[in-house]
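What follows is a set of notes on a single structure, which appears directly below.
The values are calculated or read from the model by the stated rules, or taken from the named source; none is laboratory data. Just so you know, these numbers come straight off a predicted model, no measurement behind them. Note that each Cβ is placed from the backbone with ideal geometry, even for glycine, and that neighbours are counted across all protein chains shown. Just the protein is used for accessible areas: all its heavy atoms, side chains included, with ligands, DNA and RNA removed. Shrake-Rupley method; radii C 1.70, N 1.55, O 1.52, S 1.80 Å.
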Amino acid sequence: KNQYALIGALARSAARESANTGEFLDTLSEALNSLARSAELLSGNGWEAARLDQLVDNQLKPFGADAGRIERSGPDVKVNASVAQTIGLAFHELATNAAKYGSLSVDTGRIVIDWSLGETFRIRWREMGGPKVVKPTRSGFGTLVTQKMTARGLGGTVDMRFEESGVVWMLEAPRDSVEA
């Protein structure tokens with residue numbers, strides 16, 4: 001039920017932000033593919049949890065995770081189903097933007113993802129080695145997914161910085177809203 005509500009929200013948002021039908025269909029298709037990759041992980045665990053390291057690998061594989069351009073580190077954390085879908089979508093959108101405009105758009109770029117789990121769950125995405133970053137002049141579907149939807153879905157905060165050396169995205173959420 002929650003997944004259908006999420007798909008509906010994604011479709012409405014993609015429709016609002018798309019310039020034409022083709023763009024809408026591309027955006028929605030990519031979001032659904034991301035949800036399907038998260039669902040694949042969850043289905044192997046009774047739809048209850050997914051390991052964060054596997055979620056990262058699963059979502060970023062289409063963007064070169066196997067090529068050594070994406071590093072990840074953090075403790076063994078199992079996230080609940082809702083968090084897996086939400087963070088999965090955020091990673092997909094961040095990677096899409098990195099492939100179009102950021103560190104994955106050039107051969108020398110890379111991404112470092114690290115996380116920690118104490119009283120608070122923290123995860124950080126850092127791009128480096130890519131072209132000089134310019135802050136977008138408008139917000140759209142990507143902003144909704146990476147910032148608003150993620151913060152709201154996890155009851156936390158998102159900080160997104162467009163540093164000259166690369167995009168830095170940080171999520172902080174209460175431990176009990178994240179763990180399976």
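Thr150 meets all of the listed conditions (1) at pLDDT 95 or above; (2) within 12 Å of the chain's Cα centre (by Cα) but one, namely (1).
Within segment 78-108, the residues that satisfy the criterion of being of a type in the set (Gly, Ala, Ser) and either in a loop (DSSP other than H, G, I, E, B) or over 16 Å from the mean Cα position of the chain (by Cα) (or both) are Gly102, Ser105. In segment 55-77, the residues that are in a loop (DSSP other than H, G, I, E, B) reach residues that are of a type in the set (A, V, I, L, M, F, W, C) and surrounded by 13 or more Cβ atoms within 10 Å (Cβ to Cβ) with C-beta atoms within less than 6 angstrom, at least six apart or across chains, in these pairs: Gly74/Trp115; Pro75/Leu117; Val77/Leu52; Val77/Leu117. Among residues that are open to solvent by 60 Å² or more (accessible area, probe 1.4 Å) and not small (Gly, Ala, Ser), Arg124 is included.
Could you go through segment 24-42 and let me know if any residue there is at pLDDT below 90, surrounded by fewer than 16 Cβ atoms within 10 Å (Cβ to Cβ) and not in a helix (DSSP H, G or I). Within segment 24-42 (the criterion being at pLDDT below 90, surrounded by fewer than 16 Cβ atoms within 10 Å (Cβ to Cβ) and not in a helix (DSSP H, G or I)), the answer is no, since none of the residues qualifies. What are the residues in segment 127-143 that are crowded, with 19+ Cβ neighbours inside 10 Å and either at pLDDT 90 or above or in contact with a Cys (Cβ under 6 Å, 6 or more places away or on another chain) (or both), if any? Of everything in segment 127-143, those that are crowded, with 19+ Cβ neighbours inside 10 Å and either at pLDDT 90 or above or in contact with a Cys (Cβ under 6 Å, 6 or more places away or on another chain) (or both) turn out to be Glu127, Gly130. Residues in segment 150-173 that are open to solvent by 40 Å² or more (accessible area, probe 1.4 Å), touching a residue at least 12 places away in the same chain (Cβ under 8 Å) and outside any strand (DSSP E or B): Gly153, Gly155, Glu164, Ser165.
Any residue in segment 100-121 that is open to solvent by 50 Å² or more (accessible area, probe 1.4 Å) sitting within a Cβ distance under 9 Å of a residue that is outside any strand (DSSP E or B) and basic (Lys, Arg)? List the pairs, counting only those 6 or more apart or interchain. Partner pairs satisfying both residue conditions: Asp107/Arg69; Arg110/Arg69; Glu119/Arg175.
Based on what the data block shows, is Ala81 out of contact with any Ser or Thr (no Cβ under 8 Å at 6 or more places or on another chain) and within 23 Å of Ser43 (Cβ to Cβ)? First the steps, then the outcome.
On the way: out of contact with any Ser or Thr (no Cβ under 8 Å at 6 or more places or on another chain): yes; within 23 Å of Ser43 (Cβ to Cβ): yes.
Against the criterion (out of contact with any Ser or Thr (no Cβ under 8 Å at 6 or more places or on another chain) and within 23 Å of Ser43 (Cβ to Cβ)), Ala81 qualifies.
The C-beta contact set for segment 39-52 (first residue within 12 Å of Val83 (Cα to Cα), second residue at pLDDT below 70 and surrounded by 17 or more Cβ atoms within 10 Å (Cβ to Cβ), distance under 6 angstrom, 6+ apart or interchain) comprises Ala50/Leu42.
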